[in-house]
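The values are calculated or read from the model by the stated rules, or taken from the named source; none is laboratory data. What you see is a predicted model; the values in this text were computed from it and never measured. In this analysis, Cβ positions are derived from the backbone assuming ideal geometry, glycine residues included, and neighbour counts consider all displayed protein chains. The accessibility values were calculated without ligands, DNA or RNA, using every heavy atom of the protein model including side chains. Shrake-Rupley method; radii C 1.70, N 1.55, O 1.52, S 1.80 Å.
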Amino acid sequence: RVVTLSNITGDADSNNRIAVRAGAAEDAAGNKTAVVESTNFTVIIPTPKDTTAPSVLVSNPNPKTVEVGGTVKYTVVFSDETAMGTIHFNKNYVALIGFDADITVSGTGNTRTVTLTNIQGGLDSDNRIAIRAGAAEDAAGNKTKVVESPNFTVIAPPVKDTTAPSIAISAPKPGTIELGETVK
């Protein structure tokens, strides 16, 4: 027979066993079995499962104010737990909030630089990026959560003065002169 024990509770690190009571079986001559104990097994406290997502830190924008068409950079740092896992981070994990721009991601290891070029739109609003969930994961398979950056401001470029300067010449005084006289 197979004895299956499930949902075991009890003292951890103790000597646990089962016993088969006397008389559990009998032979043809009427002899009954004696009490028999199993070998010991140990109950251990399970190791808590790591369910903590690795963190992502996003720096302040550089610069904090940029003209339309300009460039802003962010530094993105993944926590050390991701060194034992995987960093999937690329430009597809960068969401633009409040503006449009071209995105490039560079760097290696836990530190990456997000460069936003040719920034358009978002004048005088709270412009920022979000790092999408799952950009990195630790060895236990916990994935990063969504993280938003600090804001930056887009301003219109200064209006360029395209008006040429003018020169005015007054009428000569006096209007008529004789040879050798002065005109102002």
If you take every DSSP beta bridge fully contained in the chain, what fraction is antiparallel? Give it as a percent rounded to 5. 90 percent
Lysine-lysine proximity count for the stretch 22-154, Cα under 19 Å, sequence distance 8 or more or distinct chains: 6
Quick one: Karplus J couplings for the stretch 52-67, per residue in order, coefficients 6.51, -1.76, 1.60, θ = phi - 60°, nearest Hz, x for Gly and Pro? 8, 5, x, 9, 10, 10, 10, 5, 5, x, 10, x, 7, 10, 9, 7
Leaving out ligands, DNA and RNA, what percent of the accessible area of the stretch 105-151 is carbon and sulfur, probe 1.4 Å? 45 percent
List the residues, sorted by chain then number, that are 5 or more residues from A24 or on another chain and whose placed amide H is less than 5 Å from its amide H. T33
Taking the Cα centre of the stretch 25-112 as the origin, how large is its charge dipole in debye, to the nearest 20, when only Lys and Arg (+1) and Asp and Glu (-1) carry charge on their Cβ atoms? 440 debye
Who wins for biggest fluctuation among F78, F152, F41 in a Gaussian network model of the chain, springs between alpha carbons below 10 Å? F41
Rounded to a whole number, what % of the accessible area of the stretch 1-56 do carbon and sulfur atoms account for, probe 1.4 Å? 51 percent
Accessible surface, the chain, averaged per residue in Å² (probe 1.4 Å): 71 Å²
